[in-house]
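Right, one structure below, let's go through it.
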Amino acid sequence: MSIYNWIQKVLFENYEEWHMKDPLYEGNGFHISGIDNTLKAMHDGYIFYTELTPSHAVKGCTSMKAVVGKSKELVNLYLKIEDKKYLISDLSYSDAVKIMRAFVKKEVLPDEKTYTEVIGNDDAIVKSAFEDLSKLLMADSKTAQRFLKKHKHESMEDMDHAWEELFFALERKGKLIELDWKARKDSFIPAVRKLSAGLNLETDEKILNDEEDIPRWGKILNAQWTEYVLSAMDIGSDSYALMVLSKEDFEKARELAKVILHRIAVIEEM
């Protein structure tokens, strides 16, 4: 335990020296309220999973992972116990918080009758979704194939790094432009025009208030466009990774990103 974490543990009764991971944070040590906060972020659509790893196995359990269900109002909870994967499906968010808090604070697991073993391997689904997403966003099969051969994307464990590498590849190819969250209109407008070159999209800067921000400017543009969407790839930072996609491609990209527990959304929702 680091000195900082030891001080936190001594000063704050609700500080836990476990590992927490989600698309926005990864590290050892968190306050118990972090569970509530991350699951709220899941419910609000900002992230799609939260994983807790204890400092030692709890009754054989080495990880507990909450994942947004098919309905955004429900959570699927995965447990890794003795190298086997188990699932409690369709939990409410409040029930998921209670289970995860009890796992951390009391080192207890839910009743065995509530979870079932996951048979089979979903790595092939994850791998295929990432490949399809890469090809879709790059819009160049040869470049996408070279990218996929270069970067490991065989399982969910590979996805955070693969997602980061996809961001860099799209940026190099000019399919994506990153702007600071405080970017001014005179940076935003040229970026959008560059991304939408050749698409004949209206980007009249006169209708955009200088004092507003990227999500509000994006909302105005998306209200004007009929066939395209100003969207963003969530890269877990305060910046915006802007993309212009056709509405059809945007819907496909959003669903494929969900499969690998990452996020592509219209800019006003970021």
### Message
All but one of (1) more than 30 Å from I81 (Cβ to Cβ); (2) exposed (fewer than 13 other Cβ atoms within 10 Å of the Cβ) hold for E117; state the number of the condition that does not hold.
### Response
(1)
### Message
I need the full set of residues from segment 149-187 which are of a type in the set (S, T, Y) and either under 12 Å from A241 (Cα atoms) or part of a loop (DSSP other than H, G, I, E, B) (or both), in order please.
### Response
S155
### Query
Can you tell me which residues in segment 212-267 are farther than 29 Å from K127 by Cα and either within 19 Å of the chain's Cα centre (by Cα) or among the hydrophobic types (A, V, I, L, M, F, W, C) (or both)?
I214, P215, W217, I220, L221, A223, W225
### Query
Counting only residues that are within 13 Å of R101 (Cα to Cα), open to solvent by 60 Å² or more (accessible area, probe 1.4 Å) and part of a helix (DSSP H, G or I), how many does segment 31-74 have?
1
### Task
Specify which of the listed residues (S63, S94) is closer than 24 Å to F30 by Cβ, without any contact (Cβ under 8 Å) to a residue 12 or more places away in the chain and among the polar types (S, T, N, Q).
S94
### Task
For E165, indicate whether it is open to solvent by 10 Å² or more (accessible area, probe 1.4 Å), within 25 Å of the chain's Cα centre (by Cα), in contact (Cβ under 8 Å) with a residue 60 or more places away in the chain and within 21 Å of P23 (Cβ to Cβ).
no
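Residue-wise test of (1) touching a residue at least 24 places away in the same chain (Cβ under 8 Å); (2) in contact with a Pro (Cβ under 7 Å, 6 or more places away or on another chain); (3) not assigned by the TED database to the domain that holds M20.
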site: D83; (1), (2), (3): no, no, no
site: L87; (1), (2), (3): yes, no, no
site: D90; (1), (2), (3): no, no, no
site: E107; (1), (2), (3): yes, no, no
site: E112; (1), (2), (3): no, no, no
site: K127; (1), (2), (3): yes, no, yes
site: F130; (1), (2), (3): yes, no, yes
### Query
Given (1) outside the structural domain of K59 (by the TED database); (2) crowded, with 16+ Cβ neighbours inside 10 Å, where does Q145 come up short, assuming only one miss?
(2)
## Note on the structure
Within segment 232-270, the residues that are over 18 Å from H161 (Cα atoms) and among the acidic types (D, E) are D238, E248, D249, E251, E255, E268, E269
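The values are calculated or read from the model by the stated rules, or taken from the named source; none is laboratory data. The structure displayed is predicted, hence computed values, not measured ones. FYI the Cβ positions are ideal-geometry reconstructions off the backbone, even for glycines, and counts take in every protein chain you see. To get the accessible areas, we keep the full protein, side chains included, count just its heavy atoms, and leave off ligands, DNA and RNA. Shrake-Rupley method; radii C 1.70, N 1.55, O 1.52, S 1.80 Å.
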